[in-house]
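Undergrad: For reference, the structure I am asking about is given below.
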Amino acid sequence: MAAMKFLFAMVLVIVVVAQKHIMVESQAQSACSSSLSTLNVCAPFVVPGSAANPSSDCCGALQAVDHDCLCSTLRIASRIPVQCNLPPLSCGTQ
């Protein structure tokens, strides 16, 4: 009986830890999405032929985005063409 109580307690601890990890990860994803949405002010800069230099609002928004969030987003975006059965992107410097 004591072994069963110990096993139950261990399972309960594992479930609580796993649930906390999932909540933290979900909050991080939500924060990443939210901070990326602030980059809309950079749209004029990323459209070819538009603005020559980013606005101060764009620079401020970019500075506020977490580095890991931005890098993960760029990695994911670079995989989209292949997942859509298109050739991978091959971008040269201009």
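Undergrad: Quickly run through segment 54-90 and pick out the residues that are of a type in the set (A, V, I, L, M, F, W, C), within 22 Å of the chain's Cα centre (by Cα) and outside any helix (DSSP H, G or I).
TA: The answer is Val65, Cys84, Leu89.
Undergrad: Please tell me if Cys84 is among the hydrophobic types (A, V, I, L, M, F, W, C), surrounded by 11 or more Cβ atoms within 10 Å (Cβ to Cβ) and modelled with pLDDT of 85 or more.
TA: Spelling it out, it is not the case that Cys84 is among the hydrophobic types (A, V, I, L, M, F, W, C), surrounded by 11 or more Cβ atoms within 10 Å (Cβ to Cβ) and modelled with pLDDT of 85 or more.
Undergrad: Go over the candidates Ala2, Ala18, Ala51, Ala31 one by one and state the one that is surrounded by 11 or more Cβ atoms within 10 Å (Cβ to Cβ), modelled with pLDDT under 85, over 15 Å from the mean Cα position of the chain (by Cα) and of a type in the set (A, V, I, L, M).
TA: Testing whether each residue is surrounded by 11 or more Cβ atoms within 10 Å (Cβ to Cβ), modelled with pLDDT under 85, over 15 Å from the mean Cα position of the chain (by Cα) and of a type in the set (A, V, I, L, M) leaves just Ala51.
Undergrad: Check segment 63-73 and report whether any residue there is β-branched (Val, Ile, Thr) and loosely packed, with under 12 Cβ neighbours inside 10 Å.
TA: no
The values are calculated or read from the model by the stated rules, or taken from the named source; none is laboratory data. These numbers were taken from a predicted model, which means no experiment stands behind them. As a convention, Cβ positions derive from the backbone with ideal geometry for all residues, glycine included, and neighbour counts pool all protein chains shown.
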